[in-house]
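Novice: Sharing a structure with you now.
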Amino acid sequence: MKALILAAGFGTRLRPHTDRRPKPLFSMAGRTLLDRIIDALEKAGCTSVAVNTHHLADQVCRHVAEGRYSVPVWTRHEPDILGTGGAIANLRDFWDREPFMVVNSDIVTDIDLKEIYRSHCDQSAPVTLVLVDDPAFNSVSVNPQGKVIGFGPADPHGDPERRLTFTGIQVIDPAVLDYFPQSVFFSSINAYDRMIDAGIPIRAAVVEHRYWADAGTPERYRAAALEMTGRSGFQRVFGRLPGPDALWQKLAGDGSDRRWHRLVEGHRSIIVADHGITDTDRTSEVDAFVAIGRHLHKKGLPVPEIFFQDRFSGMVCIEDLGDVLLQDKALKAGTQAELLALYGPVVQMLVDLSVQGAEGFDPAWTHQSPAYDRATIVNAECRYFIEAFCKNYLGMDLAFESFAEEFEALATKALDFAIMGFMHRDFQSRNLMVHNGRCRIIDFQGGRPGPIQYDLASLLIDPYTKLPELVQEMLLAECIASMQEKVVVDATRFRKGYTYCRITRNLQMLGAFGHLTRVKGKSAFEAYIPRAAATLNQNLTALGDGALSRLNELARELTRARPRIGF
């Protein structure tokens, strides 16, 4: 058996990603779509594979040339794209007297191609089209005798018929080439319509209980990549593929655009984090998530194990830490003693994260800024607060420039008193999971060198839990004492840096809540705005820094504008 993989198309539905990478080279679970199909053809007994090329042909040709396949794989370039029928006809010199197989390059399936070819050879029809029932694509009419009788919309006055989806897999006898014109753009469907009109049968091989997906749009590609990542990850972790009883559970996300899914079978489960298609050469969020996560795990810090990832699809398979957040535990704690018992180990964990996470950390792993620096404070926190919260959320007529001098002073003082280490950047109760009685850290992709005081502020002024002031003060003292056991730390300097990091973190929180509510439509975050605004005013008042007088007045104005921000 010989085969053709149709790989010349523009991938229009997948733009702009296909402007830089041809669709056949999109990857899932570490393998390109093209290689997945070649592997399936090899296992089916194929002796030679042709791949037609046009769009970004040099990339496809280079990939094939560098591939290590067990059968010959070669390319046939089309200077002008020829369509499915034209591509088949363009290989007349390749085909022999045996039936051959044609497969689209944008499908993902576990359909047994060997069985499809064998069943074709056992039948008398010159063409076999492999069909599945997919309501999103069902357009091929099949009669009760299992013959294809038409393509496109159903005839309301015609005979009863079943509507199915063409999988992009077909087996063709060489005699059918008489219906394919040479060297012109031509769809194989046109030839099949002519054959049906002439009474020549087109066989429908209907496949059930097999996985098949069209990966021709971003959403369908991501869905197929999720499935392949989950299956591959489950096999790596548990030594076998998930069974038919395995279920996918979509998990509630938080502030990011990532999607979280759990694949569970019995008591076994894994998590797949979908970061979205990543087609940039720059360090991306998924790159940072994997590199930083593996670094922290190697250090013995309590982060989930990363089993494997596919960079292009943005899929990462990780350890399942359950569903219990530190927030859940904190809101159930009835006394200050219970809160201290809950948060004490978390503070110790934060100290370990700061000190050990900094050892051997490579700033090249970061995807936002290589360190928590002046530009990060001024732009990603202060400007974010003015633009996303004050202006876009509250509709206030403010200019960032009016506060620029104070924001520069704030950034200077936050860094002057910083105790530097590894900084998580979002160390709060929704990013801390309680699993098997132990707190574990998630969402570390924003990590970078920075002050431990910032992460401590993130934890203590967290509006999701609203820790009492006395508890915050006791945990601050506990953090200082724990830090002093590891490095030389001046307690007064630590506290000073903490007071300024509380302000910068508070500004970032309000900017994020405003952006998530107004731009992302995640209205649940709006409930935490009043508490965060009150905390900002309280902390600025307690700080009493005259160099921040305009910011202090703005914070007081926010508390006076209670109807606007939901007090």
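The values are calculated or read from the model by the stated rules, or taken from the named source; none is laboratory data. Small disclaimer: the values here were computed from a predicted structure and weren't measured. Cβ: placed from backbone, ideal geometry, glycine included. Neighbour counts: every protein chain shown.
Novice: Kindly check whether there is at least one residue in the range 328-347 that is assigned to a loop (DSSP other than H, G, I, E, B), more than 19 Å from the chain's Cα centre (by Cα) and assigned by TED's automatic domain parsing to the domain that holds GLY239. Walk me through how you get there before you give the answer.
Specialist: So the first thing to find is which residues in the range 328-347 are assigned to a loop (DSSP other than H, G, I, E, B), and the list is 333-335.
Going one step further and asking which of them are more than 19 Å from the chain's Cα centre (by Cα), we end up with 333-335.
Now drop any that are not assigned by TED's automatic domain parsing to the domain that holds GLY239, which leaves none.
Scanning the range 328-347, I find no residue that is assigned to a loop (DSSP other than H, G, I, E, B), more than 19 Å from the chain's Cα centre (by Cα) and assigned by TED's automatic domain parsing to the domain that holds GLY239, so the answer is no.
Novice: Quick one: ARG210 ticks every box in (1) assigned to a loop (DSSP other than H, G, I, E, B); (2) touching a Cys at 6+ places or on another chain (Cβ under 7 Å) bar one, so which box is it?
Specialist: Single failed check for ARG210: (2).
Novice: What number of residues within the range 121-135 are touching a residue at least 12 places away in the same chain (Cβ under 8 Å) and assigned to a loop (DSSP other than H, G, I, E, B)?
Specialist: Residues flagged as touching a residue at least 12 places away in the same chain (Cβ under 8 Å) and assigned to a loop (DSSP other than H, G, I, E, B) within the range 121-135 amount to 6.
Novice: Follow-up. Starting from residues that are free of Cβ contacts under 8 Å to residues at least 40 places away in the same chain and either in a loop (DSSP other than H, G, I, E, B) or over 36 Å from the mean Cα position of the chain (by Cα) (or both), keep the ones in the range 82-120 and report whichever is surrounded by the most Cβ atoms within 10 Å (Cβ to Cβ).
Specialist: Out of the qualifying residues, it is ARG118.
Novice: Separate question: Of the numbered conditions (1) at pLDDT 95 or above; (2) under 28 Å from GLY360 (Cβ atoms), ARG262 satisfies every one except a single condition; which is it?
Specialist: (2)
Results for (1) without any contact (Cβ under 8 Å) to a residue 12 or more places away in the chain; (2) farther than 23 Å from ARG163 by Cα, shown as yes or no for each residue.
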| residue | (1), (2) |
| --- | --- |
| SER188 | no, no |
| VAL207 | no, no |
| ARG220 | yes, no |
| LEU241 | yes, yes |
| VAL272 | no, yes |
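Novice: Tell me whether the range 222-238 contains one or more residues that are assigned to a strand (DSSP E or B), of a type outside the set (S, T, N, Q) and out of contact with any Leu (no Cβ under 6 Å at 6 or more places or on another chain).
Specialist: So far as the range 222-238 goes, no, none of its residues is assigned to a strand (DSSP E or B), of a type outside the set (S, T, N, Q) and out of contact with any Leu (no Cβ under 6 Å at 6 or more places or on another chain).
Novice: Can I ask one more? Among (1) farther than 12 Å from SER105 by Cα; (2) in a helix (DSSP H, G or I), there is one condition GLY45 misses while meeting the rest; what is its number?
Specialist: (2)
Novice: Further question: I'd like to check something: does the range 294-304 contain any residue that is within 30 Å of PRO449 (Cβ to Cβ), in contact with a His (Cβ under 7 Å, 6 or more places away or on another chain) and crowded, with 20+ Cβ neighbours inside 10 Å?
Specialist: Yes, the range 294-304 has at least one match.
Novice: Hey, another quick one. Taking the options ALA215, ALA225, name whichever one is modelled with pLDDT under 95 and within 12 Å of the chain's Cα centre (by Cα).
Specialist: ALA225
Novice: If you go through the range 155-197 one residue at a time, how many are in a loop (DSSP other than H, G, I, E, B), under 20 Å from SER141 (Cα atoms) and either modelled with pLDDT under 90 or outside the structural domain of PHE100 (by TED's automatic domain parsing) (or both)?
Specialist: 7
Novice: Going by what's in this entry, would GLN368 be described as within 16 Å of LEU353 (Cα to Cα) and not small (Gly, Ala, Ser)?
Specialist: Working: within 16 Å of LEU353 (Cα to Cα): no; not small (Gly, Ala, Ser): yes.
Here the answer is no, as GLN368 does not meet what is asked.
Novice: In the range 48-72, what residues are touching a residue at least 24 places away in the same chain (Cβ under 8 Å) and over 17 Å from LEU6 (Cα atoms)?
Specialist: Of everything in the range 48-72, those that are touching a residue at least 24 places away in the same chain (Cβ under 8 Å) and over 17 Å from LEU6 (Cα atoms) turn out to be GLY67, TYR69, SER70, VAL71.
Novice: Quick one: count up the residues across the range 63-86 that are more than 21 Å from PHE180 (Cβ to Cβ) and of a type in the set (Val, Ile, Thr).
Specialist: Number of matching residues: 3.
Novice: Still on this structure: Given (1) in contact with a helix residue (DSSP H, G or I) (Cβ under 7 Å, 6 or more places away or on another chain); (2) assigned by TED's automatic domain parsing to the domain that holds PRO244; (3) β-branched (Val, Ile, Thr); (4) modelled with pLDDT of 95 or more, identify the lone condition not met by VAL290.
Specialist: Here VAL290 meets the rest and fails (1).
Novice: Here is a further query. Looking only at helices (runs of 4 or more DSSP H) that fall completely inside the range 434-526, which ones have 3 or more residues that are among the aromatic types (Phe, Trp, Tyr) and under 24 Å from ARG556 (Cα atoms)?
Specialist: Where helices (runs of 4 or more DSSP H) fall fully within the range 434-526 and carry at least 3 residues being among the aromatic types (Phe, Trp, Tyr) and under 24 Å from ARG556 (Cα atoms), they are 491-518.
Novice: Go through the range 244-297 and count every residue that is assigned to a helix (DSSP H, G or I) and either of a type in the set (Val, Ile, Thr) or on the phi > 0 side of the Ramachandran plot (or both).
Specialist: Residues meeting the conditions: 3.
Novice: Give me the pairs, please: first residue somewhere in the range 379-400 and in a loop (DSSP other than H, G, I, E, B), second residue anywhere and hydroxyl-bearing (Ser, Thr, Tyr), beta-carbon distance under 8 Å, and either six or more positions apart or on two chains.
Specialist: Here the result reads TYR393/THR517, each pair linking the range 379-400 to a residue that is hydroxyl-bearing (Ser, Thr, Tyr).
Novice: It is to be established whether one or more residues within the range 558-567 are assigned to a helix (DSSP H, G or I), among the small types (Gly, Ala, Ser) and in contact with a Leu (Cβ under 9 Å, 6 or more places away or on another chain).
Specialist: Restricting attention to the range 558-567, the residues satisfying the condition of being assigned to a helix (DSSP H, G or I) are 558-560, 562-565.
Within this subset, residues satisfying the condition of being among the small types (Gly, Ala, Ser) are none.
No; the residues of the range 558-567 include none that is assigned to a helix (DSSP H, G or I), among the small types (Gly, Ala, Ser) and in contact with a Leu (Cβ under 9 Å, 6 or more places away or on another chain).
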